[in-house]
Every structure is written in C-alpha cells, then in structure tokens.
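Engineer: Got a structure for you, written out below as structure tokens; questions coming shortly.
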Amino acid sequence: MSRIVALIAALFFTVAGAAVPTSAHAANPTATPPKKLYSLKDERITHPTGLAKSVKHPGTYWAVTNSGETARVFGINSSGKVEAVLRFNAKVKDVEALGVDRNGFIYVADIGDNTASRDEIEIYTIPEPEQLGDQDGVRFHQYDFTYPDGAHDAETLLIDPSTSQLYFVTKSAKGGAIYAAPSSPSRQGSNELSKLAAAPTGAITDGTFLPDGQRAVLRTSADVATVAWGDNPNAIARAAAPGSGDSIAVGPTESSVVTSSAGAIYQLAAPARPVTASPPPKTSATPKPNTNADAAGSDSSGKSHNLTWVIAGAAVFALIITVVTFPPGRRERQDRMAENARLTGQSPQSTTGGSRARSSRSRH
C-alpha cells in the first residue's frame with residue numbers, strides 16, 4: 001500500500017513541476033574582449049583626449065590632444081598613420097573632446113578646467129575637408145558657453161546624431177553632471193547651459209552617442225558605460241575597458257565603439273543590458289498586424305498548456321486522497337456489510353455489531 005501511495009505522490013510532483021513556467025531567455029554570454037585595431041604611430045597623437053569618426057572619409061578618425069596651445073585636429077587612417085592635420089587660428093586653453101555632426105562639421109571642445117576657474121568654455125567648429133591632407137588657417141566658428149552653477153572641469157562632448165544638439169558631461173570626484181546647450185547656440189555673447197541630470201558614477205573622460213541616438217557610451221578611467229538617453233539619462237550596462245584612456249568614439253558597426261589606451265586604438269562592443277525574460281506585451285494605440293496576433297496566439301497557447309497540466313495535477317491529487325482515505329480492504333468489507341444488510345433488512349451498523357458479537361463468542 002505504501003508503495004502505491006509513494007508512486008502516485010511522485011507522479012503528482014512530476015506533473016506539478018511540468019506546469020511551472022521557465023524563463024524565456026538565457027543570460028547573455030561573456031562579452032567579447034576588446035580587439036586591438038592598430039597602434040598610433042605619430043608621437044604627436046599617441047594619447048588623444050578626443051576621438052571622433054569621420055562622416056566624409058570612411059575609415060578615418062579625427063583626434064585631438066590637450067598638449068600645448070595649438071589649435072589643430074589630426075586625421076588618422078585605419079593603420080594608425082596621420083594623414084591630415086587641420087590647423088586653425090584660435091587661442092585654445094585645454095582641448096579635451098571632439099565630435100563630428102551629421103553634416104560633417106568637426107567640433108573641437110576647449111572645455112577642460114582642472115582648477116574650476118574659467119568664466120566660459122568654448123566650442124570651435126571647422127568643416128571636414130573634401131580631400132585629406134594638411135591645411136593651415138582653416139576657417140572656424142567659435143561658440144562660448146557658461147554653466148548655470150559655476151565653473152566645472154569637463155572632458156566630454158556629446159552630439160545628438162539626429163539633431164546636432166550638444167551636451168557636456170562634467171568630471172568630478174564628487175560626481176559629475178550632464179548639461180545641455182541651447183538647441184541653436186548663438187555666436188554672439190555667451191550661451192548658458194542647462195543642467196539635465198546627474199552623470200553616471202566614475203571619472204568620465206569622454207563619450208559618444210551611438211547612431212540610434214537612444215544610447216550614449218561614456219568612457220571612465222576604469223570602464224565603459226552605456227547610458228539610456230532621455231529626460232533622465234541613466235547607465236544601463238557597464239564593461240571593463242582596455243587599460244586607461246581618455247577618448248572614445250563610434251566604432252565600425254552601430255553597436256561598437258573604439259577607444260584609445262597606451263598608444264593604441266581598440267574596438268569593443270557597447271555594453272548591453274543583460275537579456276531577461278520578456279515582459280508582458282503592452283497595449284498600443286496603433287495596431288500592429290501579425291506581430292500582436294502572433295504574440296496573442298503564443299500567450300493563449302501557453303496559458304492553455306499550463307491549465308491542462310494544472311487540471312491533470314488536481315486529478316492525481318484527488319486520486320491520492322481517495323486511496324489514502326479508502327484503502328482497498330476497507331472498501332471491500334464495507335461493500336460486503338452493505339450487501340448483508342440489504343438481504344437481512346438490517347442497517348449496516350447493526351450488521352457490523354452482530355458480526356462483532358459473533359466474533360466475540362467464537363473467541364470464548
């Protein structure tokens with residue numbers, strides 16, 4: 001009898017376990033390690049403070065350094081060789097970042113301020129040349145900016161790929177912040193920045209938007225962080241960076257970045273949020289044929305499958321209760337007593353009593 005109960009109980013727990021849904025997705029595999037693309041062969045640009053991908057010249061990256069007061073931008077090809085130097089006549093102080101907008105204008109960010117004493121910071125714009133080569137006296141435009149809450153040190157300029165909106169990320173041991181420039185800054189007077197949000201943790205040394213404009217990637221002295229952009233930007237994933245470095249730019253693919261470290265350029269995947277179970281589908285004001293229908297069908301199928309297992313489990317459980325409550329021998333005795341009572345006209349209880357009396361006399 002105990003073996004039967006144990007077997008049925010095991011069957012019940014097996015069925016119940018099959019009814020428990022499992023996670024829809026496995027965890028992300030280990031991230032691909034950074035890949036070295038090339039070494040920087042020119043001593044003038046072995047430690048760039050700013051890096052930006054060219055719009056007009058595939059395979060070329062523009063770079064700047066903060067050494068000296070010379071206003072210049074270096075063009076680096078895919079083997080690490082300098083193939084252009086663009087010089088313009090501006091009195092720069094501490095160039096820390098670089099960007100290129102969708103129209104092919106290079107933005108040189110003179111925004112460094114280690115002592116937090118500057119009244120203004122400057123952005124200089126120059127056009128990407130049609131042909132790569134050294135140029136002197138390049139025409140430029142200057143834009144001045146001020147912070148709403150006093151001077152800050154900064155090393156990061158972000159340019160929205162769809163609107164060319166400018167953002168600055170300050171660097172501070174107490175935690176930096178993200179500031180937005182006016183949507184159409186003026187070359188007359190100073191443009192006041194607006195504080196947007198606190199910056200992710202870490203000493204942020206550079207950053208870039210990814211091509212989708214929905215994410216930005218920030219470089220710190222220790223790692224790389226992907227930030228979900230919006231009214232309140234926040235870091236959603238981080239990954240180790242190769243060594244220490246000051247610059248980062250969009251990589252060869254839309255989900256990759258390149259960064260500098262120890263006189264070399266490395267490519268790595270932009271950190272991504274780990275994949276988890278899919279959330280319940282959200283209703284949308286705009287119908288999406290096929291996609292929603294498929295999702296609904298899949299959801300209904302899953303619910304029906306689980307319900308079937310639950311019903312089966314309940315049936316097995318009822319069978320267990322029946323076996324435990326009414327063992328086979330007891331049921332047979334009760335059936336015989338009920339039949340005797342029917343033939344003699346007595347109630348089952350009195351028949352039981354008579355049987356007990358006869359058993360008692362026979363023992364004497």
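Engineer: In this structure, is P129 outside any helix (DSSP H, G or I), in contact with a Ser or Thr (Cβ under 8 Å, 6 or more places away or on another chain) and either β-branched (V, I, T) or in contact (Cβ under 8 Å) with a residue 12 or more places away in the chain (or both)?
Structural biologist: No.
Engineer: Counting only residues that are within 23 Å of the chain's Cα centre (by Cα), part of a loop (DSSP other than H, G, I, E, B) and closer than 15 Å to I106 by Cα, how many does the stretch 133-162 have?
Structural biologist: Going through the stretch 133-162, the residues within 23 Å of the chain's Cα centre (by Cα) turn out to be 156-162.
When the remaining residues are screened for being part of a loop (DSSP other than H, G, I, E, B), the result is 160-162.
Among the residues that remain, those that are also closer than 15 Å to I106 by Cα are: 160-161.
Qualifying residue count, the stretch 133-162: 2.
Engineer: Also, I was wondering about something else. Can you name the number of the only condition in (1) buried (at least 18 other Cβ atoms within 10 Å of the Cβ); (2) of a type outside the set (F, W, Y); (3) modelled with pLDDT under 90 that G251 fails?
Structural biologist: (3)
Engineer: Further question: Anything in the stretch 163-174 that is within 17 Å of F105 (Cβ to Cβ) and part of a loop (DSSP other than H, G, I, E, B)? List them, or say none.
Structural biologist: First, pick out the residues of the stretch 163-174 that are within 17 Å of F105 (Cβ to Cβ): 163-167.
Once the filter is applied, which keeps residues that are within 17 Å of F105 (Cβ to Cβ) and part of a loop (DSSP other than H, G, I, E, B), the stretch 163-174 yields T163, S164, Q165.
Yes/no per residue for (1) of a type in the set (A, V, I, L, M, F, W, C); (2) within 23 Å of the chain's Cα centre (by Cα):
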residue	(1), (2)
Y167	no, yes
A173	yes, no
I178	yes, yes
P182	no, no
P185	no, no
Q188	no, no
K195	no, no
A198	yes, yes
L218	yes, yes
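Engineer: Taking the residues in the stretch 36-59 that are of a type in the set (S, T, N, Q) and more than 12 Å from I265 (Cβ to Cβ) as candidates, determine which candidate is modelled with the lowest pLDDT.
Structural biologist: Filtering the stretch 36-59 for residues of a type in the set (S, T, N, Q) gives 39, 46, 49, 54.
Applying the additional criterion that residues be more than 12 Å from I265 (Cβ to Cβ) yields 49, 54.
Details: T49: 95, S54: 98.
Residue satisfying both the conditions and the ranking: T49.
Engineer: May I ask you to verify whether A97 is touching a residue at least 60 places away in the same chain (Cβ under 8 Å), under 21 Å from P233 (Cβ atoms) and hydrophobic (A, V, I, L, M, F, W, C)? Please lay out each step first, then the result.
Structural biologist: Values: touching a residue at least 60 places away in the same chain (Cβ under 8 Å): yes; under 21 Å from P233 (Cβ atoms): yes; hydrophobic (A, V, I, L, M, F, W, C): yes.
In short, yes.
The values are calculated or read from the model by the stated rules, or taken from the named source; none is laboratory data. Values in this document were obtained by computation on a predicted structure and should not be read as measured data. Positions of Cβ are generated from backbone atoms using ideal geometry, with glycine treated the same way; all protein chains shown enter the neighbour counts.
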